[in-house]
Amino acid sequence: MEKKITVIRGDGIGPEIVTEAIKVLDKTAEKFGHKFEYTDILMGGCSIDACGVPLTDEAVATAKAADAVLLGAIGGNTSTSPWYKLEPKLRPEAGLLKIRKELGLFANLRPAVLYSQLKDACPLREDIVENGFDMMIMRELTGGLYFGDRKTEVRDGLETAVDTLVYNENEIRRIAIKGFDIAMKRRKKVTSVDKANVLDSSRLWRKIVNEVAKDYPEVELEHMLVDNCAMQLVRDPAQFDVVLTENMFGDILSDEAAMVSGSLGMLASASLNDTKFGLYEPSHGSAPDIAGQDKANPIATIISAAMMLRYSFDMDKEADAIEAAVSKVLDEGYRTGDISSEGCTIVGCRKMGDLIAERI
Ligand code: IPM
Ligand code: MG
């Protein structure tokens with residue numbers, strides 16, 4: 001098969017980790033007889049520097065014409081980088097929000113898994129995680145507080161800021177359907193997370209999720225308040241299969257779930273619209289403090305590339321091969337600094353990419 005991939009290397013460690021993912025993709029293509037064609041676009045700080053905006057319309061058009069998008073990471077240090085002196089709509093993150101909206105990427109899948117090889121890195125007590133955990137945070141990505149009207153103005157002599165949390169029933173229904181579809185391929189449990197004891201948007205969320213659930217009699221549905229969910233994630237992460245939630249709650253809970261797994265550098269993500277098209281990126285950020293030092297962990301980006309093969313290209317065997325290669329390298333004791341433990345061999349970003357590619 002021939003596939004067109006738009007590549008966004010981005011900022012910080014983005015370029016290094018994307019290079020390693022492409023190395024692994026090329027090896028996979030060679031092995032399985034495919035051809036991947038890559039086109040680079042700029043997004044984030046590098047686009048601000050080159051074009052004055054975090055994402056140009058031409059870049060969006062290039063992404064739209066591809067079969068999928070592979071993203072490294074964008075953004076810089078929010079206290080020191082000059083990008084954060086610009087007005088909010090010109091900052092790096094605005095590019096990310098724009099591409100999500102323009103490509104209609106409403107469903108964000110963030111797996112949080114405890115890798116058996118990396119149990120030592122998990123910050124939770126051993127008795128809590130003795131059976132491991134494997135959950136999928138399904139985050140709504142193009143609605144809610146992130147995309148509602150906002151303004152800062154003076155009201156009655158006081159500087160006042162307003163952000164608006166809006167959801168309509170269609171936006172809730174389509175992410176709920178995706179959530180239940182994914183649960184059907186997993187352990188058939190959905191935990192829908194909201195704040196229905198306070199928010200109208202959450203009460204509508206709960207109502208629509210209940211309606212969608214009627215079409216999935218095999219799936220067990222529970223509702224959980226977001227504060228309780230934050231607590232349950234550290235109390236008993238194994239109880240979760242699919243965690244279905246709105247944009248802002250999903251942002252926060254997915255970082256918590258990632259941290260609990262102890263290996264943020266290993267966690268991939270997919271952002272999908274209602275076709276096969278998707279944008280794939282690691283769950284971690286651009287880590288400007290270690291950029292350019294060959295220290296970054298490329299595994300989350302490599303696994304994101306595997307997700308791209310699985311979800312956008314229907315290449316299950318190929319995705320399996322990449323995941324197996326990652327597992328093999330971990331079994332052999334190779335680690336980047338962020339996931340290292342005693343007795344392991346510490347390698348840099350490039351070497352980790354080489355080792356994984358060699359094992360495809
Ligand atoms: C994420 C990030 C983004 C978000 C930021 C960079 C705008 O935290 O992808 O989780 O909040 O969506
Ligand atoms: Mg986040």
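Using the Cα centre of the range 42-118 as origin and beta-carbon charges of +1 (Lys, Arg) and -1 (Asp, Glu), tell me which of 43, 84, 113 is placed farthest towards the positive end of the dipole. Farthest towards the positive end: 113. Extending 7 Å from Cα along the Cβ direction at residue 228 and again at residue 127 yields two label points whose distance is 2.4 nm. Taken per residue, the accessible surface of the range 123-261 reaches 50 Å², heavy atoms only and a 1.4 Å probe.
Of the GluC sites (Glu not before Pro) found in the range 298-360, those in coil by DSSP whose Cβ has at most 14 other Cβ atoms within 10 Å are 332, 342. Highest-first packing order for the peptide set 297-304, 247-254 is 297-304, 247-254, based on the mean count of other beta carbon atoms within 10 Å.
Loop only per DSSP, at most 15 neighbouring Cβ atoms within 10 Å: give me the GluC sites (Glu not before Pro) in the range 210-307, ordered by residue number. List each step's numbers first, then the result.
Values: sites: 211, 218, 220, 222, 246, 256; in loops: 218, 246.
Passing both the DSSP loop test and the Cβ count: 218.
Annotation: extensible slack from residue 64 through residue 199 equals 45.1 nm (criterion: 0.36 nm per residue apart, minus Cα-Cα distance). Separation of the range 114-181 and the range 237-273, taken as the distance between their Cα centroids, equals 8 angstrom.
Using C-alpha pairs below 8 Å separated by at least 6 residues, the relative contact order for the range 123-261 is 38 percent. For the pair residue 38 and residue 274, the difference between a 0.36 nm per residue extended length and the Cα-Cα distance amounts to 82.7 nm.
Once the C-beta distance of residue 168 and residue 294 is scaled by a Förster radius of 45 Å, the resulting FRET efficiency is 0.45 to the nearest 0.05.
Counting only DSSP beta bridges whose two residues both lie in the chain, roughly 40 percent are antiparallel. Result for the chain in a Gaussian network model with C-alpha springs under 10 Å: among 96, 141, 71, the largest mean-square fluctuation is at 96.
For the chain, the square roots of the Cα gyration tensor eigenvalues, ordered a ≥ b ≥ c, give a/c below 1.5, which places it in the rounded category. For the pair the range 295-320 and the range 193-235, the centres of their Cα atoms are 30 angstrom apart.
Taken about its Cα centre, the range 1-77 carries a charge dipole of roughly 280 debye when the Cβ of each Lys and Arg holds +1 and the Cβ of each Asp and Glu holds -1.
Across the accessible surface of the chain, with the other protein chains kept in place and a 1.4 Å probe, carbon and sulfur atoms take up 50 percent. When DSSP beta bridges are restricted to pairs lying wholly in the range 123-261, around 30% turn out antiparallel. Treating r as the C-beta distance of residue 346 and residue 184 and R0 as 56 Å, the FRET efficiency rounds to 0.85.
Measuring r between the beta carbons of residue 207 and residue 156 and using R0 = 30 Å, the FRET efficiency lands at 0.25. Restricting the range 65-129 to trypsin sites (Lys or Arg not before Pro) that sit in a DSSP loop and have at most 13 other Cβ atoms within 10 Å of their own Cβ leaves 125.
Pairs from the table (64/188; 178/328; 101/276; 31/351; 31/185; 178/214) lying more than 24 angstrom apart at Cα are 64/188; 178/328; 31/185. Across the chain, the relative contact order, built from alpha-carbon pairs under 8 Å that are at least six residues apart, equals 22 percent.
Ligands, DNA and RNA aside, residue 344 has an accessible area near 40 Å² when probed at 1.4 Å. Put a plus charge on the Cβ of each Lys and Arg, a minus charge on the Cβ of each Asp and Glu, and nothing anywhere else: the dipole of the range 54-148 about its Cα centre is then about 400 debye.
For the pair residue 51 and residue 87, the difference between a 0.36 nm per residue extended length and the Cα-Cα distance amounts to 11.4 nm.
With only Lys, Arg, Asp and Glu charged, each at its Cβ (+1 for the first two, -1 for the last two), find how big the charge dipole of the chain is about the Cα centre; round to the nearest 20 debye. Don't jump to the answer; show the numbers that get you there.
Values: 44 positive and 58 negative charges, 95 e Å.
Around 460 debye, computed over the chain.
The values are calculated or read from the model by the stated rules, or taken from the named source; none is laboratory data. Values in this document were obtained by computation on a predicted structure and should not be read as measured data. Cβ: placed from backbone, ideal geometry, glycine included. Neighbour counts: every protein chain shown. Surface accessibility is based on the protein's heavy atoms, side chains included, excluding ligands, DNA and RNA. Shrake-Rupley method; radii C 1.70, N 1.55, O 1.52, S 1.80 Å.
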